[in-house]
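**Student:** Take a look at this one; I'll ask things after.
The values are calculated or read from the model by the stated rules, or taken from the named source; none is laboratory data. This is a predicted model, so every value here is computed, not measured. All Cβ positions, even for glycine, are placed from backbone atoms using ideal geometry, and neighbour counts span all protein chains on display. Side chains are part of the model used for accessible areas, which takes the heavy atoms of the whole protein and leaves out ligands, DNA and RNA. Shrake-Rupley method; radii C 1.70, N 1.55, O 1.52, S 1.80 Å.
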Amino acid sequence: MKNTSQAELDRFEISFNHFMEGRLDFEEFRKVRVWQGVYSYRGTSDKYMIRIKIPQGMLSPLQMERVADLSEEYSAIKGVHLTTRQGLELYGISEDHLMKVLRSLADVDLTSRETGGNGVRNVTTCPFSGIARDELFDVTPYAQAVSKYFLRNPLTQGLPRKIKIAFEGCPADHIHAMIHDIGVFAVMRGAIRGFEVYVGGGLGGAPREAQLLENFTPAEFLLITFQAILAVFNQHGSRQNKDRSRLKFLIKDWGIERFKEAVQSVRQEILFQKGGTDLLEKIEEAPKRVEPRICNRPRNSTQDLGALDLQKYSTGKFLHASVFFRPIWLKLLRLGSRVYCKIWVESGFFKKDAFLKNSEFERWEHHNTLSQKQAEFRSVFIRCFLGDITGSQLRRIAEISRRFCEGRVRTTITQNLLLRWVHQDDLPFLYRELKSADLADCCAEHVMDITRCAGADSCISAITRSRGLAVELGKIFSNGLSHDSEIFKLRLKVSGCPHGCSQHSIADLGFHGASRTLHGRVVPHYQIMTGGFTEKGRAQFAKNILSVPARKVPEAVTHLLRFYLGHRNSDESLQSFFERIGFEKVRNELNPFALVPPPDEAPEIYKDWGSDQDYRLEAKKGECSA
């Protein structure tokens, strides 16, 4: 990737220089830079947002350190934002530093290529691939092959619209494959690996569930099937109306049976061509994963450290060390002329003492870690508050991951980081390290872990500041509401506009920004939605409840949840409760919160969360499809 990326950046820099010199107009350059994953940064004309592609969410310590350095040196917010497509975003990069940042990313095999424009976007993959107890097989190598094949592929450089692809290896739809243009689930037919392939899903203002293309596509034919799907879309997708140019609209207009026939016909043509064999080989070329070694380390025994120079340490005291990337504790002992040490595996010493009595650690261990199918190993969620992480925190995670899991980290579509292959004995000391970096917040993937898009703080097409609302919503779950088991497991998602970058349409409680003109003033609002989810073979989209002024949304949500707690049947879920009583009654409960007094009676209603200024609608046309 490195040589190709640098040559690609040479060409991009020529266009960039032509734009700076006035030889290339704004619209022409926008098409070029969006393909390179460089977007306008809201409120400026000389700064950009860079969206970094992280295939399968696999991020190395070296890459984390590089992104951390760049965020601190060149980003306007001195941090990084994690996206719902397992990518990273850097905000407010000045035009003076743009090329330096892009080239620095390329030096560590990171690219922003095709994170914008009408091509194949980042191929997302279940973050539990390879470690989940209930997965059929690890889908990572297949996703890697697809990512590698379609990046810069001539077929994908001029599609009618973007294509989003997702791989799931588990029975549960962790990656939300059912809302993708192409979503696949691992399937076994005897000893033969294959995939159940769905097509035509999508969110935005017209969400659509993906349709079943084939219930079993042998693994060796998967890449050819993808090529056939894209070839049909490239030939028949609409190019006249961008609002109806996604694959989901072609399938809606044709029907799934006609689309199946077209894909099967093109796939057969590919198989008859010489290129067919080459395509089959791409799967076998996928990088092989090397699992962490399990160290045979001494436990609770005195060891002669021989050549290690321990003379400088005082005997009888504890010191912390790392052996084979595993943390241990040593107590030095002097016997005659030689220095010995007592070695404790960390959990063997401390877990019996302080940590088992630490309720914060126990809660974190229960809610932020998962057992792997590999005995004695766990995966650990690092909850990134609202998808944000500082440069120093990201650098610390790189360091911690090297020590505790040999650098095995993946990003998630819920805007968190997942450390994989952490030995269960090391959890207390991993927790201690994370806590010292303010990275041990509990309850990742639960109600207080809110997903949100970039919003009007940086996105030019956003209507509202989604981050501001997400902050306020998080506060209401510190008042006891989250103690209820049904509320605790809810997922909240906040978008600054209807486009759905936070995936609000598949949330238990979803919110998207809007605006209304009342009393001669524009008032920021959010549409409140409920009941969305995905599972294999099904996507249910959230139903609209009511549009509420932004400043009243937290109060409305609090009321709604307390109404649910006071009137539900035993163990009744929120969605089941709403369906039982009817959505009209739910709306009636929230109607008082939709009222907007005149500005002189309630001036705060005319402000958005995250701003102390009167609201102004400044959303522009997005650049995603430029």
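**Student:** With respect to Ser505, is the statement that it is part of a strand (DSSP E or B), touching a residue at least 24 places away in the same chain (Cβ under 8 Å) and either under 25 Å from the mean Cα position of the chain (by Cα) or over 27 Å from Asp173 (Cα atoms) (or both) true? Steps first, answer last, please.
**Tutor:** Numbers: part of a strand (DSSP E or B): no; touching a residue at least 24 places away in the same chain (Cβ under 8 Å): yes; either under 25 Å from the mean Cα position of the chain (by Cα) or over 27 Å from Asp173 (Cα atoms) (or both): yes.
Taking the combined requirement at face value, the residue does not satisfy it.
**Student:** Those residues that are surrounded by fewer than 22 Cβ atoms within 10 Å (Cβ to Cβ) and among the aliphatic types (A, V, I, L, M), I need them from region 423-438; list them, please.
**Tutor:** Of everything in region 423-438, just one residue is surrounded by fewer than 22 Cβ atoms within 10 Å (Cβ to Cβ) and among the aliphatic types (A, V, I, L, M), namely Ala437.
**Student:** For region 179-193, name all the residues that are of a type outside the set (Phe, Trp, Tyr), within 16 Å of Phe226 (Cα to Cα) and crowded, with 23+ Cβ neighbours inside 10 Å.
**Tutor:** Answer for region 179-193, where residues must be of a type outside the set (Phe, Trp, Tyr), within 16 Å of Phe226 (Cα to Cα) and crowded, with 23+ Cβ neighbours inside 10 Å: His180, Asp181, Ile182, Gly183, Val184.
**Student:** Continuing with this model, one more query. Looking only at region 45-75, which residues are over 23 Å from Thr414 (Cα atoms) and either modelled with pLDDT under 95 or within 15 Å of the chain's Cα centre (by Cα) (or both)?
**Tutor:** Scanning region 45-75 gives a single hit, Ser45.
**Student:** While we're here: Just need a number here: residues in region 454-476 that are open to solvent by less than 20 Å² (accessible area, probe 1.4 Å), in contact with a strand residue (DSSP E or B) (Cβ under 6 Å, 6 or more places away or on another chain) and closer than 21 Å to Leu88 by Cα.
**Tutor:** Residues in region 454-476 being open to solvent by less than 20 Å² (accessible area, probe 1.4 Å), in contact with a strand residue (DSSP E or B) (Cβ under 6 Å, 6 or more places away or on another chain) and closer than 21 Å to Leu88 by Cα: 3 in total.
**Student:** Now for a different question. Which numbered condition in (1) in contact (Cβ under 8 Å) with a residue 24 or more places away in the chain; (2) surrounded by 15 or more Cβ atoms within 10 Å (Cβ to Cβ) is the only one that Gln6 fails?
**Tutor:** (2)
**Student:** Condition first: open to solvent by less than 40 Å² (accessible area, probe 1.4 Å) and over 28 Å from the mean Cα position of the chain (by Cα). Now tell me which residues in region 608-626 satisfy that.
**Tutor:** Matches in region 608-626: Tyr615 only.
**Student:** If Asn588 passes every condition in (1) surrounded by fewer than 14 Cβ atoms within 10 Å (Cβ to Cβ); (2) of a type in the set (S, T, N, Q); (3) in contact (Cβ under 8 Å) with a residue 60 or more places away in the chain but one, which one does it miss?
**Tutor:** The single condition Asn588 does not satisfy is (3).
**Student:** Give the residue, chosen from Gly480, Gly531, Gly513, that is open to solvent by 10 Å² or more (accessible area, probe 1.4 Å), of a type in the set (Gly, Ala, Ser) and without any contact (Cβ under 8 Å) to a residue 60 or more places away in the chain.
**Tutor:** Gly480
**Student:** Quick check on my filter: what residues within region 595-607 are in a helix (DSSP H, G or I) and surrounded by 13 or more Cβ atoms within 10 Å (Cβ to Cβ)?
**Tutor:** Hits for region 595-607 are Ile605, Tyr606.
**Student:** Further, regarding this structure: Of the residues Ala177, Ala210, Ala206, which is under 23 Å from Arg258 (Cβ atoms) and modelled with pLDDT under 95?
**Tutor:** Answer to the check: Ala206.
**Student:** Is region 14-24 home to any residue that is free of Cβ contacts under 8 Å to residues at least 12 places away in the same chain and in contact with a His (Cβ under 9 Å, 6 or more places away or on another chain)?
**Tutor:** yes
**Student:** Sticking with this one: With respect to the numbered conditions (1) free of Cβ contacts under 8 Å to residues at least 24 places away in the same chain; (2) of a type outside the set (A, V, I, L, M); (3) at negative phi, which one is the sole condition not fulfilled by Glu604?
**Tutor:** Only one criterion is unmet by Glu604, namely (1).
**Student:** Can I ask one more? Going residue by residue through region 254-276, is there one that turns out to be within 23 Å of Val146 (Cα to Cα), modelled with pLDDT of 95 or more and in contact with a His (Cβ under 7 Å, 6 or more places away or on another chain)?
**Tutor:** No, region 254-276 contains no residue that is within 23 Å of Val146 (Cα to Cα), modelled with pLDDT of 95 or more and in contact with a His (Cβ under 7 Å, 6 or more places away or on another chain).
**Student:** Is it true that some residue in region 9-23 is modelled with pLDDT of 95 or more, touching a Ser or Thr at 6+ places or on another chain (Cβ under 8 Å) and not in a strand (DSSP E or B)?
**Tutor:** Within region 9-23, none of the residues are modelled with pLDDT of 95 or more, touching a Ser or Thr at 6+ places or on another chain (Cβ under 8 Å) and not in a strand (DSSP E or B).
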